[in-house]
1. Among the residues of the range B:43-72 satisfying the criterion of being in a loop (DSSP other than H, G, I, E, B) and at pLDDT 95 or above, which is nearest to A:SER114 (Cα to Cα)?
2. Please work out if B:MET3 is under 30 Å from A:HIS63 (Cβ atoms) and buried (at least 21 other Cβ atoms within 10 Å of the Cβ).
3. Taking the range B:1-36 as the region of interest, how many residues are in contact with a helix residue (DSSP H, G or I) (Cβ under 6 Å, 6 or more places away or on another chain), over 18 Å from B:VAL87 (Cα atoms) and not basic (Lys, Arg)?
4. Looking at A:THR112, A:THR99, which one is without any contact (Cβ under 8 Å) to a residue 40 or more places away in the chain, within 12 Å of another protein chain (Cβ to nearest Cβ), among the hydroxyl-bearing types (Ser, Thr, Tyr) and more than 17 Å from A:GLY21 (Cβ to Cβ)?
5. Of all residues in the range A:93-150, which are surrounded by fewer than 16 Cβ atoms within 10 Å (Cβ to Cβ) and of a type in the set (Ser, Thr, Tyr)?
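The values are calculated or read from the model by the stated rules, or taken from the named source; none is laboratory data. Every value quoted in this text rests on a predicted model; they were computed, and no experiment measured them. Here the Cβ is made from the backbone with ideal geometry for all residues, glycine too, and neighbour counts use every protein chain on show.
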Amino acid sequence: MDQAVTTRMADRRILIEAETGTFAVRAVLDRALAVLAEWRLPIACIGNVHIVLAEALNNVAEHAYGFRDGGRFSLDMTLEDGRLTCVVRDHGTPFPEGTPPDGDAVALDGPTESLPEGGFGWFMIRKLTEDLAYDHADGCNALTLRFAVV
Amino acid sequence: MDMSSRSEGALQIVTVNARRIDAAVAIQFKDLMRAETEGSARRVILDLRQVDFIDSSGLGAIVAAMKQLGAGRRLDLAGLTPTVESVFRLTRMDTVFSLFPTLDAALMAQAD
């Protein structure tokens with residue numbers, strides 16, 4: 001599976017499936033953004049969802065599958081009652097402690113040479129979502145990300 | 001990923017000719033920036049007007065590009081599109097870099 005496969009589950013529910021690979025996250029994001037535009041979400045809201053989904057999907061490729069190609073993952077999006085719910089599923093390694101990272105802000109007050117080059121992902125995910133939940137069952141990780149659509 | 005560059009004395013302008021700086025190209029971006037900024041320009045302006053998205057890997061690569069310039073040289077950012085600007089503001093990286101809405105605004109500002 002080189003490209004993302006989209007299945008319309010309901011009027012405002014879409015499932016996008018893909019396998020990890022160099023540009024797989026981009027392919028899924030492109031599909032997702034097109035759907036969100038079709039659902040007429042405000043531009044600023046789409047921007048925030050874009051940031052969060054990119055981080056969540058990159059985490060699947062990097063951590064759940066350790067940069068291995070061919071790992072199956074999916075994005076399930078539902079728009080209902082002014083709320084967007086996105087569920088990211090994979091069959092890779094679960095979160096170490098069984099819970100997603102806290103995403104503390106990184107320290108930027110040191111000298112230039114000690115500025116962090118990473119550690120921003122979970123901070124942005126937590127900052128931009130209304131709430132999130134994680135579940136691991138039957139070898140499947142499911143990260144649910146909710147957004148208020150305003 | 002494609003980049004282009006021009007120099008005017010102590011100033012160098014590097015333009016990113018790509019829609020995204022993300023995990024797929026972060027390492028390539030860092031390497032290209034190292035090659036482009038091998039000169040001695042004291043101020044490098046990174047023109048991001050064509051970039052409509054960066055993720056945390058892309059942000060990390062821009063931080064790395066600034067660090068590899070070394071002491072006495074600075075990296076300023078120009079032409080930030082809305083989502084790119086959001087990422088800088090959310091992570092408070094807007095306190096580390098000087099952000100300019102356009103390349104012209106960056107050129108007008110004193111390089112101090």
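1. Per the criteria, the residue is B:ASP55.
2. no
3. Here the count works out to 5.
4. After ruling out the rest, the residue left standing is A:THR112.
5. A:THR93, A:THR99, A:THR112, A:SER114, A:TYR134
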